[in-house]
């Protein structure tokens, strides 16, 4: 079973091209800024970044990943369009395993899931913003299968997986040996993907295709779909209708995703996106409301990031 996202990944690899889109920072509204900053630094492992107007910037020494903005009067409201969770990509297996050790030391509850293409830890911040800690493992993936009408993932050795199996935490913790769980996240941590509640799957897929993402899986019986951007890991954006078909954006006073940023190095993709987004004549930035009612900002060039070997 092939997908547009897998085809795009092969094409870009053949021409040694980067992904067509990459995630920048996202802005979350919160009810108690001090409490949120404490959680995102002490638990998640972010460090303060140079301050930005209207909120507190957090991330790694090299990049801002989250901007926390005060002003929400209530937690995340259920049953609305908007963010389901944001995933942060770890820089190595050891870094991923180090988060498990860190959460355990703090007594923080989380759900460990093996998606085959990635390993994931799920938890929420004090306002209910969903968070995923992810380690991408596309090398374990072989192919998708829909034989007999039953969707499965086949690993590189030919074994069948549901993609929702529980991680073996004992094995994962064994890969954290020699690391310090108390240190902040590695500087190469990224926003890996975003998962949104949307009013409908097909309109959302059509809209995001217009800004350069490629369709991957469409699972209507599960109420979910995802899209890739040109890497072997084909889950850069996910959308679902679990908040209900036709779900409306969350009320203004609730904690929610306010906006997010994408970068593209592809001038053609940027030009096509102008049919969906509005260009600021002063900055050249494209922006507009996505199908979930959240503001998307699209930049033509990604920021230059210096990297170092991961833990």
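Overview of values
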quantity: Residue within region 158-166 that is under 17 Å from residue 99 (Cβ atoms), modelled with pLDDT of 95 or more, in contact with a strand residue (DSSP E or B) (Cβ under 9 Å, 6 or more places away or on another chain) and surrounded by 12 or more Cβ atoms within 10 Å (Cβ to Cβ) present; calculated: no
quantity: Scan of region 45-54 for residues that are surrounded by fewer than 20 Cβ atoms within 10 Å (Cβ to Cβ) and in contact with a strand residue (DSSP E or B) (Cβ under 9 Å, 6 or more places away or on another chain), ordered by number; calculated: 47, 48, 49, 50, 51, 52, 54
quantity: Considering residues of region 5-18 that are in contact with a strand residue (DSSP E or B) (Cβ under 8 Å, 6 or more places away or on another chain) and surrounded by 16 or more Cβ atoms within 10 Å (Cβ to Cβ) only, the residue nearest to residue 231 (Cα to Cα); calculated: 9
quantity: Qualifying position, being buried (at least 19 other Cβ atoms within 10 Å of the Cβ), touching a residue at least 12 places away in the same chain (Cβ under 8 Å) and closer than 21 Å to residue 103 by Cβ, among 37, 66; calculated: 66
quantity: Residue in region 51-59 that is in contact (Cβ under 8 Å) with a residue 40 or more places away in the chain and closer than 22 Å to residue 194 by Cβ present; calculated: yes
quantity: Any pair with Cβ under 8 angstrom, 6 or more apart, that starts in region 139-153 at a residue that is free of Cβ contacts under 8 Å to residues at least 12 places away in the same chain and ends at one that is part of a strand (DSSP E or B); calculated: 152/144; 152/145; 152/160; 152/161
quantity: Residue check, residue 197 buried (at least 16 other Cβ atoms within 10 Å of the Cβ) and within 30 Å of residue 272 (Cα to Cα); calculated: yes
quantity: Search result, residues across region 102-117 that are closer than 22 Å to residue 152 by Cβ and in contact with a helix residue (DSSP H, G or I) (Cβ under 8 Å, 6 or more places away or on another chain); calculated: 112, 116, 117
quantity: Residue in region 72-82 that is assigned to a strand (DSSP E or B) and either without any contact (Cβ under 8 Å) to a residue 12 or more places away in the chain or within 15 Å of the chain's Cα centre (by Cα) (or both) present; calculated: yes
quantity: Pick from region 99-148, criterion surrounded by fewer than 15 Cβ atoms within 10 Å (Cβ to Cβ) and closer than 30 Å to residue 73 by Cα, ranking: nearest to the chain's Cα centre (by Cα); calculated: 111
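The values are calculated or read from the model by the stated rules, or taken from the named source; none is laboratory data. The structure displayed is predicted, hence computed values, not measured ones. Quick reminder, even Gly has a Cβ in these numbers, built from the backbone with ideal geometry, and neighbours come from all protein chains shown.
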